[in-house]
Structures are given as structure tokens and as C-alpha cells.
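Asks: A single structure is presented below for examination.
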Amino acid sequence: MRTSAFNLLRLIYETVVFHHKYRGTMNLKKVLFYFLLITLVSFSSIKYTTGPSIIESIIQPISINEKGEILCKTRFTKNEMGAYSEMKIEYGFCIISNGTIIEFKTKVIEATPDPSYYEQKNYWDEVFKSKTNQKQLNEIKKDILKNEYDFHLINVAPFKIDKILSILNFEKTKKISLKNIKQKGLHNALSKKYFNDKKVRLLYDFGNILIFDNTNDIDNNALELEIGADFDYYNSYNTMVNDKGDKISLGFDISKVTGVIFLK
């Protein structure tokens with residue numbers, strides 16, 4: 001449950017005004033006592049309020065080689081409780097090939113209140129968002145992939161689509177059924193049901209490999225943006241017990257997940 005700090009502070013103000021207006025004879029010390037008491041309760045409540053639970057699982061293509069393997073940057077973080085605090089962030093690379101996503105974790109920023117957390121986060125976010133150049137690609141191939149994969153060029157731009165399509169039109173065009181094909185995400189996640197809007201955002205089309213953006217953002221300027229599918233990422237703080245006694249995860253309130261579909 002989220003509590004508005006504004007409403008709590010407003011309560012403090014109205015309480016003081018009430019005593020001043022209708023109980024003018026009340027000792028000033030008593031008024032200050034009530035003010036202090038409500039302030040302590042209010043800020044205690046604010047400390048333990050939470051926001052929506054969030055997961056971000058992002059794959060960003062860099063290069064495709066002659067074998068059809070795709071090299072990508074990755075970023076993964078989750079906030080199961082919706083707490084207003086630092087969260088662990090994982091950066092790395094992955095190779096999409098032969099129906100699998102092979103992950104290489106290269107940098108982990110642990111959750112800590114230390115100021116260095118934000119310095120690291122800002123630096124690595126900038127690295128992740130910036131365009132990879134040829135020198136960096138060569139370094140990735142040598143230092144991360146240990147020359148086990150051949151990637152020579154920054155060449156994924158021609159495959160970029162970035163269009164929002166209705167599921168009906170997409171299935172007709174590709175002659176597939178999204179009910180029968182699961183999207184795959186980082187950490188072995190799989191897509192579940194598609195959101196009610198019945199739309200997909202196709203980011204890249206490599207022919208036999210399709211890459212989607214799946215977004216569920218209930219706080220996006222009250223638009224309640226829902227595109228693509230929900231994923232089966234486990235949220236240990238949002239669960240229920242079914243009839244069989246099994247603990248079932250209810251997922252995350254807000255999600256942004258890159259999904260991959262492999263076509264035969």
C-alpha cells in the first residue's frame with residue numbers, strides 16, 4: 001500500500017489549525033505536543049511505505065555474424081517489494097543463437113546506501129545506453145567472449161523495426177500463433193499471457209529471430225500502458241497459495257522485458 005506524504009503533512013497542518021481555532025484556551029505546549037506526536041507517526045509511516053514492484057530485463061542487439069548469432073548488451077534489475085531504496089543491477093552481454101540466450105554477466109552493482117552506488121549506476125547506465133563502437137566490439141570479442149564467437153561489425157541497424165502492431169495483424173503476416181510460441185527472456189524467463197490491449201512492439205526482425213519490447217507500466221502518466229506479454233519472473237513478495245498448497249508468484253506491477261521468439 002502506498003501512502004501519500006502530502007496527505008500526512010496536510011493532516012499535521014489541519015490538526016494544529018483545529019486546536020488554534022476551536023480551542024484557543026489550550027496551552028501552547030499541548031498544541032506543540034500534538035504536532036510533534038503526529039509528525040513522528042507520519043514520518044514513521046512514510047519510512048515504511050512502498051511503491052509498485054518493478055522488473056527490468058533488457059536485451060539490446062549490437063552485432064549479427066555470418067552464422068546468424070546475435071550479440072547483445074544486457075541489463076537486469078528487479079524491485080520485488082517496491083521499496084524506495086537501491087536495488088542490485090546486473091550488466092552484461094548475451095548471444096542469441098539456436099533457440100537459446102547465452103548470458104555473460106560482466107558487472108554487478110550491489111544494493112548499498114553508499115554514494116558510490118549512484119556513481120557506478122550512472123556510469124554503467126551510460127555505457128549500456130551508448131552506441132557500441134568498433135573498438136569496443138573488438139574488446140568484447142576478445143575479453144568477454146574469449147574469441148569463441150566471431151563478431152566483426154556493428155550491423156544490426158538494417159534489422160530494426162520498432163513498430164507497434166496488433167497481434168492479429170502480426171500473426172497473419174508471420175503466419176504464426178503467439179499462443180503456441182513462447183517469448184524467451186534473460187534468466188530463462190518465458191512469456192505468459194498477452195496483455196488485454198493485444199498489441200506487440202516488434203523491435204528487431206532478423207528473419208528467424210524476432211525481438212520484442214514487452215511493457216506494463218501502470219504509472220505511465222495514467223495511461224496504463226500495456227504492450228506485449230507478461231513474463232514468469234518470480235516475485236517472492238507477491239505470492240498466493242493455490243488449492244494444491246503451492247505458492248504461486250503474482251509477478252510485478254511494472255515490467256519492461258525484452259523477449260525473443262525463435263522461428264523455425
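The values are calculated or read from the model by the stated rules, or taken from the named source; none is laboratory data. What you are looking at is a predicted structure, and each value in this text was computed from that prediction instead of being measured. Note that we place each Cβ from the backbone using ideal geometry, even for glycine, and neighbour counts take in every protein chain shown. Surface areas here come from the heavy atoms of the whole protein model, side chains and all, with no ligands, DNA or RNA. Shrake-Rupley method; radii C 1.70, N 1.55, O 1.52, S 1.80 Å.
Asks: So which residues in the stretch 126-164 are touching a residue at least 40 places away in the same chain (Cβ under 8 Å), under 30 Å from Asp197 (Cβ atoms) and either assigned to a loop (DSSP other than H, G, I, E, B) or of a type outside the set (A, V, I, L, M) (or both)?
Replies: Residues satisfying the conditions are Phe128, Val156, Phe159, Lys160, Asp162.
Asks: Residue check: is Val257 in contact (Cβ under 8 Å) with a residue 60 or more places away in the chain, among the aliphatic types (A, V, I, L, M) and open to solvent by less than 30 Å² (accessible area, probe 1.4 Å)?
Replies: Working: in contact (Cβ under 8 Å) with a residue 60 or more places away in the chain: yes; among the aliphatic types (A, V, I, L, M): yes; open to solvent by less than 30 Å² (accessible area, probe 1.4 Å): yes.
Yes.
Asks: On to the next question. Regarding the stretch 206-226, can at least one residue be identified that is free of Cβ contacts under 8 Å to residues at least 12 places away in the same chain and among the β-branched types (Val, Ile, Thr)?
Replies: The initial filter retains those residues of the stretch 206-226 that are free of Cβ contacts under 8 Å to residues at least 12 places away in the same chain, namely 220-225.
Still in the running and among the β-branched types (Val, Ile, Thr): none.
No: zero hits.
Asks: Could I ask something else about it? Under 8 Å between Cβ atoms, which residue pairs at least 6 apart in sequence (or on different chains) link something in the stretch 50-75 that is farther than 22 Å from Ile254 by Cβ with a partner that is of a type in the set (Lys, Arg) and open to solvent by less than 20 Å² (accessible area, probe 1.4 Å)?
Replies: Final answer for the pair search is Ile62/Lys73.
Asks: I need the full set of residues from the stretch 80-112 which are open to solvent by less than 20 Å² (accessible area, probe 1.4 Å) and more than 30 Å from Lys264 (Cβ to Cβ), in order please.
Replies: Gly82, Ile89, Tyr91, Ile109
Asks: Can you find, within the stretch 196-226, the residue that is farthest from the chain's Cα centre (by Cα) among those that are hydrophobic (A, V, I, L, M, F, W, C) and at pLDDT 95 or above? Lay out the reasoning, then the answer.
Replies: Pass one, the stretch 196-226, residues hydrophobic (A, V, I, L, M, F, W, C): 200, 202-203, 206, 209-212, 218, 222-223, 225.
Still in the running and at pLDDT 95 or above: 200, 202-203, 206, 209-212.
Working: Val200: 17, Leu202: 18, Leu203: 17, Phe206: 24, Ile209: 22, Leu210: 20, Ile211: 16, Phe212: 14 Å.
Within the stretch 196-226, the match that is farthest from the chain's Cα centre (by Cα) is Phe206.
Asks: To continue, here is another question. For the stretch 84-116, give me each residue that is in a loop (DSSP other than H, G, I, E, B) and touching a Gly at 6+ places or on another chain (Cβ under 8 Å).
Replies: First, the residues of the stretch 84-116 that are in a loop (DSSP other than H, G, I, E, B): 84-88, 98-99, 110-115.
Tyr84, the sole residue that qualifies.
Asks: Follow-up question, since we're still on this one. In the set Asp230, Asp213, which member is within 23 Å of Ser97 (Cβ to Cβ) and part of a strand (DSSP E or B)? Steps first, answer last, please.
Replies: On the way: Asp230 fails: within 23 Å of Ser97 (Cβ to Cβ).
Within the list Asp230, Asp213, the selection yields Asp213.
Asks: With the structure loaded, tell me whether Asn235 is among the polar types (S, T, N, Q), open to solvent by less than 80 Å² (accessible area, probe 1.4 Å) and not in a strand (DSSP E or B) or whether it fails that test. Steps first, answer last, please.
Replies: Details: among the polar types (S, T, N, Q): yes; open to solvent by less than 80 Å² (accessible area, probe 1.4 Å): yes; not in a strand (DSSP E or B): yes.
Yes; evaluated as a whole, the condition is true for this residue.
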